[in-house]
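Q: What follows is a structure written as structure tokens; I'll ask about it next.
Read-outs: derived from the displayed coordinates by stated rules, not from any lab. This is a predicted model, so every value here is computed, not measured. Neighbour counts are summed over all protein chains in view; Cβ atoms, including those assigned to glycine, are modelled from backbone coordinates with ideal geometry.
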Amino acid sequence: MNTRLFGEKNLSIGEVGLGCWQFGGDFGDMEENTALAIMAAAVDNGVTFFDTADVYGTGKSEELIGRFLKQCALPITVATKFGRGGDVYPDKYTEEALRRSVAASARRLGVEMIDLLQLHCIPIEVLRAGDVFTWLRRLKQDGLIKNFGASVETVEEALICLEQEDLLSLQVIFNIFRQKLVTELLPQANARGVGIIVRLPLASGLLAGKFTKDTTFAPTDHRNYNKDGQCFNVGETFAGLPFEKGVELVEMMKEMLPDGMTMAQMALRWILDHDEVSVVIPGASSPEQAKANAAVSDLAPLPDTLHKCLRDFYNQHVRDCIRGPY
């Protein structure tokens with residue numbers, strides 16, 4: 001596993017991490033043994049960064065990670081989030097609520113200090129006000145968190161966060177279907193020394209290339225209940241594309257696949273080819289998938305000609321189909 005420096009801090013992490021949203025059940029129910037096996041396979045293949053949130057399964061994801069950490073001898077950087085819980089979202093943010101959430105997350109994770117606490121797609125008005133960043137700095141001063149960052153939905157939100165001192169990272173949706181950030185955010189974050197965490201690199205599985213228009217998802221899977229943004233930002237599901245359109249676009253892209261490479265490998269490698277990215281956090285539904293994701297770190301960069309083809313494809317076929325704030 002190749003490593004990258006995380007922002008301007010002297011923190012080095014594996015460039016492929018593990019997204020742990022699925023452990024909370026929002027992709028369908030997952031057994032504890034499966035989750036633990038996925039984490040073990042990821043770590044065995046060089047993964048050193050896990051990403052979760054307090055609301056994933058109302059704490060279940062954090063609890064499972066905490067159980068794994070007790071049996072793992074290797075150092076793992078764990079990032080969690082605050083801000084989407086029903087007690088605070090969308091307009092009840094207080095420093096006291098933040099401290100309660102951090103204490104609960106630390107307890108579930110079994111740690112005294114959280115490695116990275118991220119604001120979890122909170123309203124832009126709260127970001128603009130800036131008080132929440134003052135609270136985060138106090139938490140850091142009090143030794144409750146090591147670093148803080150923000151998970152955002154739009155470039156506008158990201159640029160507001162970049163104005164804050166001590167911001168370690170931004171977590172963003174970035175993939176072949178969401179290329180706007182290449183020019184409108186990544187250079188700005190790099191100039192500020194802020195790390196980039198990439199979530200939804202496979203667009204909720206679309207870019208793995210295995211779905212058909214007849215594919216269905218469990219009622220508890222966000223790819224069912226949020227496919228049109230019914231419950232939260234539509235960009236968090238299928239990158240904001242209508243499912244059927246996404247399947248159609250993937251079929252078109254398969255013609256560009258290099259020999260011997262899968263769609264998932266091309267999609268993940270495309271992200272890693274952007275030097276501003278600190279870590280990409282694909283989820284995994286099995287140990288085998290976790291291993292395959294980690295192995296993308298060993299692949300050679302995609303040819304410049306393919307990057308141009310994928311950029312042209314986005315501009316011609318994808319850009320105008322994306323729904324939701326971006």
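Q: Where a Cα-Cα gap under 19 Å defines reach, which lysines qualify for Lys60, not counting those fewer than 8 residues away within the same chain?
A: Lys70, Lys81
Q: With a cut-off of at most 15 other beta carbons within 10 Å, and DSSP calling the residue loop, which GluC sites (Glu not before Pro) in segment 113-173 qualify? Please list them.
A: Taking segment 113-173 and a limit of 15 other Cβ atoms within 10 Å, the loop GluC sites (Glu not before Pro) found are Glu163, Glu165.
Q: Specify the residue with the greatest mean-square fluctuation among Gly66, Gly260, Gly143, computed from a Gaussian network of the chain linking alpha-carbon atoms under 10 Å apart.
A: The residue with the greatest mean-square fluctuation here is Gly260.
Q: Of the candidates Ala42, Ala103, Ala239, which one comes out as most mobile in a Gaussian network treatment of the chain with C-alpha springs shorter than 10 Å?
A: Ala103
Q: Please go through the residue pairs Lys254/Lys291; Lys146/Lys291; Lys9/Lys146; Lys9/Lys140; Lys180/Lys308 and name each one whose alpha carbons sit more than 20 Å apart in this structure.
A: Over 20 Å apart, Cα to Cα: Lys254/Lys291; Lys146/Lys291.
Q: Report relative contact order for the chain in percent, whole number only (criteria: Cα-Cα under 8 Å, sequence separation at least 6).
A: With pairs under 8 Å counted, the relative contact order is 23 percent.
Q: Using Cα springs under 10 Å in a Gaussian network model of the chain, which residue among Ala79, Ala203, Ala104 shows the largest mean-square fluctuation?
A: Ala104
Q: Okay, moving on. What three numbers, in Å, describe the spread of the alpha carbons of the chain along their principal axes, ordered from the longest?
A: Extents along the principal axes, in whole Å: 54, 41, 40.
Q: Give the peptides 49-56, 180-187 in descending order of average Cβ contacts within 10 Å, highest first.
A: 49-56, 180-187
Q: Separate question: Just name one of Phe50, Leu74, Ile38: the one whose Cα is farthest towards the positive end of the charge dipole of segment 26-90 (beta-carbon charges, Lys/Arg +1, Asp/Glu -1).
A: Among Phe50, Leu74, Ile38, the one farthest towards the positive end of the dipole of segment 26-90 is Leu74.
Q: I want the antiparallel fraction of DSSP beta bridges within the chain, as a percent rounded to 5. Please report the intermediate quantities before stating the final value.
A: Details: 5 of 33 bridges.
If I count the DSSP bridges inside the chain, around 15 percent turn out antiparallel.
Q: Moving to a separate point now. Sort Met1, Met266 so the one with the fewest other Cβ atoms within 10 Å of its own Cβ comes first.
A: On the way: Met1 17, Met266 22.
Least to most surrounded, the residues fall as Met1, Met266.
Q: Mean residue ellipticity at 222 nm from the helices of the chain, using -39,500 (n - 2.57) per DSSP H segment of n ≥ 4 over the full residue count, to the nearest 500 deg cm²/dmol? Numbers along the way, then the final one.
A: Details: 13 runs with 120 residues, N = 326.
Rounded to the nearest 500, the figure is -10500 deg cm²/dmol.
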